[in-house]
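The next block holds one structure in the form of structure tokens; read it before the comments.
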Amino acid sequence: MSVETQKETLGFQTEVKQLLHLMIHSLYSNKEIFLRELISNASDAVDKLRFEALAKPELLEGGAELKIRVSFDKDAKTVTLEDNGIGMSREDAITHLGTIAKSGTADFMKHLTGDQKKDSHLIGQFGVGFYSAFIVADKVDVYSRRAGAAASEGVHWSSKGEGDFEVATIDKAERGTRIVLHLKSGEDEFADGWRLRNIIKKYSDHIALPIELPKEVAAAEGEEKPAQEWETVNRASALWTRPRTEIKDEEYQEFYKHIAHDFENPLSWSHNKVEGKLEYSSLLYLPARAPFDLYQREAPKGLKLYVQRVFVMDQAESFLPLYLRFIKGVVDSNDLSLNVSREILQKDPIIDSMKSALTKRVLDMLEKLAKNEPEQYKGFWKNFGQVMKEGPAEDFANKEKIAGLLRFASTLGDDGEQVVGLADYLARAKEGQDKIYYLTGETYAQVKNSPHLEVFRKKGIEVLLLTDRIDEWLMSYLSEFDGKSFVDVARGDLDLGNLDSEEDKKAAEEIAKSKEGLVERLKTALGESVAEVRVSHRLTDSPAILAIGEQDLGLQMRQILEASGQKVPDSKPIFEFNPAHPLIEKLDNEQSDERFGDLSHILFDQAALAAGDSLKDPAAYVRRLNKLLVELSA
Ligand code: ADP
Ligand code: MG
């Protein structure tokens with residue numbers, strides 16, 4: 001044992017303590033994954049070394065074949081993993097094995113409920129990683145040395161997985177990391193060659209470098225123990241280089257967990273090899289669940305980039321648009337240079353054409369999922385729909401394709417679930433309907449009962465109900481789908497086109513003519529509050545409604561802008577009334593100008609409330625209403 005110096009005890013970051021606790025208590029039914037996680041880390045460490053050594057060959061310290069060795073000691077009840085990858089310095093060990101660097105982790109941890117079933121789902125969004133060692137071990141020793149550092153700069157990190165860990169500086173001759181797991185009592189089944197081999201085959205066959213186990217060689221009686229021999233137990237070739245037909249689903253799934261640091265299987269994947277002017281392979285995955293930090297600006301995104309099998313960088317963002325940032329995967333290019341940088345990627349025209357091809361692959365994969373696995377697509381939409389809605393604004397070239405993938409709530413459903421695609425909508429549109437009707441609002445409860453929908457209910461026309469914050473903004477980028485234009489039913493002078501019969505139109509004109517006097521009176525009474533007053537043909541039950549001017553900002557956008565402290569251009573609504581409503585008839589017959597004024601303002605304010613808007617002068621509304629109530633009861 002070498003001498004340990006500068007020994008200190010440090011506490012784990014709070015989040016690590018929580019994660020450790022959760023892991024130990026909720027993953028007991030799937031203990032063996034610890035090996036997958038540690039091998040995955042060793043493989044990452046070797047990838048990093050291989051890449052850094054391109055520029056600094058001295059890091060290889062005279063070579064040695066890159067590999068991972070797993071060994072065990074039945075008597076001591078230990079399992080040991082050793083890699084000759086990049087290794088860790090003392091500082092690396094303290095930060096990487098003592099904290100979680102991901103932004104938003106603390107927030108995420110607040111969601112833990114204490115209910116182990118629910119929490120073990122949460123862990124899936126997080127990835128388990130190094131700390132999974134403590135599922136089976138009650139003490140973990142890590143001996144490591146960074147490639148290129150002096151032998152005297154090794155580190156020994158040690159912890160019982162409780163509140164703290166120890167670090168000390170040690171001598172370590174070989175670069176890389178050795179991890180010794182002291183198995184908990186009852187977990188000694190893992191100190192077994194056969195068991196370890198099976199776990200490695202099951203989870204880590206796809207790892208591109210050799211994983212070796214000690215060869216069982218029996219020493220003959222009286223003879224000395226023969227020198228240790230090793231054998232490779234995994235396939236040890238990069239998964240994406242193999243032909244699709246030869247790869248089993250399980251292999252694709254395990255590879256996904258390795259590169260995505262995810263705990264669950266992906267929903268779907270797309271594996272391709274492109275040959276010709278550009279040569280590259282890609283393997284793209286659609287995760288089953290949104291990571292907890294999907295909406296965080298600094299959250300990891302992008303693909304793992306390899307150049308001719310050599311790992312070059314993680315999170316290469318230039319290969320996919322932002323609205324597909326949830327896609328995980330690998331691209332392996334034959335055309336790029338090994339010393340390519342992020343800056344170069346941003347400018348390289350090769351990348352542009354790869355990006356558009358990869359984008360198309362993802363959209364195709366989603367189309368296929370929507371068509372063949374509608375239930376799974378629903379799940380996808382729940383997780384990533386909000387992000388997909390950024391698509392039409394970001395990716396003009398694929399606007400139509402993206403629009404086809406969008407899902408909305410509609411007046412046909414009754415729970416507000418976003419399940420209606422535009423193609424479904426058009427397929428069941430009314431005879432003569434050449435528009436896609438939609439209504440935006442704050443909440444589903446509010447739009448569902450909006451007076452704007454009355455005429456559509458009456459005529460049995462489906463209307464899409466859009467209540468996500470992003471929706472109004474989204475619709476400003478969508479003008480048509482499949483040649484049919486979108487119409488906001490709360491906007492402008494609703495024209496139902498062919499859906500209104502000639503008689504309907506004629507009758508509407510006649511009524512409008514007969515109410516010209518009332519229109520004028522209302523204009524005078526409402527004055528500055530309105531842009532226009534007109535007879536409505538979209539109402540059947542409500543007395544009045546406020547329509548938004550064709551060019552004006554909608555309520556949702558206005559509220560978003562106001563909330564962010566921006567100045568919102570003043571716009572006045574159009575007051576439309578329902579001539580058949582008893583209140584309007586009453587109004588029409590009202591002799592007193594004062595009561596006419598009060599009643600029209602009340603109708604105006606009520607229409608604003610029904611649209612989900614707030615009143616400019618709520619006190620005035622209450623005063624007027626109470627005045628009427630008093631008169632009623634007098
Ligand atoms: P992740 O792999 O998702 O980054 P882990 O918890 O699995 O998270 O590992 C944490 C970090 O510890 C790694 O990112 C790496 O920096 C470091 N690490 C773990 N194992 C090794 C290893 N065998 N060699 C070098 N560094 C390692
Ligand atoms: Mg890991």
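Quick notes on this structure:
- Computed in the context of the full set of protein chains, the accessible area of the chain at 1.4 Å probe radius has 49% of its extent on carbon or sulfur.
- Taking a ≥ b ≥ c as the square roots of the Cα gyration tensor eigenvalues, the stretch 502-633 comes out oblate, since a/c reaches at least 1.5 and a/b does not exceed b/c.
- For the chain, the relative contact order works out to 9 percent when only alpha carbon pairs closer than 8 Å and six or more residues apart are counted.
- Since only His206, Gly161, Gln18 are under comparison, the one whose Cα sits farthest along the positive direction of the charge dipole of the stretch 5-237, derived from C-beta charges on Lys, Arg, Asp and Glu, is Gln18.
- Taking a Cβ cut-off of under 13 Å around Asp471, the surrounding Lys, Arg, Asp and Glu residues balance to a net charge of -2, with basic ones at +1 and acidic ones at -1.
- In the stretch 538-630, GluC sites (Glu not before Pro) in a DSSP loop with at most 12 other beta-carbon atoms within 10 Å: Glu550
- Solvent accessible area, Å² - Met475, 1.4 Å probe, full protein context: 10
- Dipole magnitude (debye, nearest 20) for the chain, charges at Cβ of Lys, Arg, Asp, Glu: 340
- Using a probe of 1.4 angstrom and keeping all protein chains present, the accessible surface of the chain works out to 49 square angstrom per residue.
- The stretch 182-232 and the stretch 438-479: distance between their alpha carbon centers, rounded to Å: 63
- Calculated [θ] (222 nm, deg cm²/dmol) that DSSP helices of n ≥ 4 give over the chain, each run adding -39,500 (n - 2.57): -11500 deg cm²/dmol
- Distance in nm between pseudo-label sites at Asp352 and Thr241 (7 Å out along the Cβ direction from Cα): 3.2
- Local electrostatic count at Ile199 - Lys and Arg +1, Asp and Glu -1, tallied over other residues with Cβ under 9 Å: +4
- Rounded if a/c under 1.5, otherwise prolate or oblate - the chain, Cα gyration tensor axes: prolate
- Quarter of Cα convex hull surface for the stretch 5-237, i.e. mean projection, nm²: 14.4
- Under the combined filter of DSSP loop state and at most 12 neighbouring Cβ atoms within 10 Å, the stretch 545-634 retains these trypsin sites (Lys or Arg not before Pro): Lys567, Lys616.
- Net +/- balance of residues flanking Phe311 in space, Cβ distance below 11 Å, scoring K and R +1, D and E -1: -1
The values are calculated or read from the model by the stated rules, or taken from the named source; none is laboratory data. A quick note: this is a predicted structure, and the numbers were derived from the prediction, not measured. Methodologically, a virtual Cβ is constructed for each residue, glycine included, from the backbone with ideal geometry; neighbour enumeration extends over all protein chains shown. These area figures cover heavy atoms from the full protein model, side chains too; ligands, DNA and RNA do not enter into them. Shrake-Rupley method; radii C 1.70, N 1.55, O 1.52, S 1.80 Å.
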